[in-house]
């Protein structure tokens, strides 16, 4: 294996692919739907166990909270600048609605961000991106 083909990080992040091989999906279904989001236990391509230890994704709640606060502040500032409204009920309804609509997105991408950037020792291995783990393209 001289130079295995490297897969870019951004498409893997957007499509919630495994952080080690960037090929296997992390979730069994789509973000929005009438069913709950189901995270797979292991990567179907490289067999990485996503939940490294019991309760590992509790940290993802903090990441999700930070994402939610950033979204709310950005929306409140933008609406204040664009509309000039001072009605607190307008902001309450708007921000709670936004939080409800974006909660599935925050749930999914907080876990993706946790595995990609906040997990020590978990890195991308281009050699695992091959069609068969262990073989280069």
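Within the range 106-124, the set of residues being surrounded by 15 or more Cβ atoms within 10 Å (Cβ to Cβ) and either over 18 Å from the mean Cα position of the chain (by Cα) or in a helix (DSSP H, G or I) (or both) comprises 106, 107, 108, 109, 110, 111, 112, 113, 114, 115, 116. The one condition from (1) in contact with a helix residue (DSSP H, G or I) (Cβ under 9 Å, 6 or more places away or on another chain); (2) over 13 Å from residue 115 (Cβ atoms) that residue 11 does not meet is (1).
Tell me whether the range 87-94 contains one or more residues that are closer than 17 Å to residue 128 by Cα and surrounded by 16 or more Cβ atoms within 10 Å (Cβ to Cβ). Step through it out loud before you land on a result.
Our first condition is that a residue be closer than 17 Å to residue 128 by Cα; within the range 87-94, this holds for none.
No, the range 87-94 contains no residue that is closer than 17 Å to residue 128 by Cα and surrounded by 16 or more Cβ atoms within 10 Å (Cβ to Cβ).
Each residue in the range 8-47 was checked for being in contact (Cβ under 8 Å) with a residue 60 or more places away in the chain, part of a loop (DSSP other than H, G, I, E, B) and surrounded by 15 or more Cβ atoms within 10 Å (Cβ to Cβ), and 10 pass.
Here's the yes/no breakdown for (1) within 12 Å of the chain's Cα centre (by Cα); (2) at pLDDT below 95:
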| site | (1), (2) |
| --- | --- |
| 3 | no, yes |
| 20 | no, yes |
| 51 | no, yes |
| 60 | yes, yes |
| 67 | yes, no |
| 97 | no, no |
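The values are calculated or read from the model by the stated rules, or taken from the named source; none is laboratory data. Every value quoted in this text rests on a predicted model; they were computed, and no experiment measured them. Every residue, glycine among them, receives a Cβ derived from its backbone with ideal geometry; neighbour counts consider all protein chains shown.
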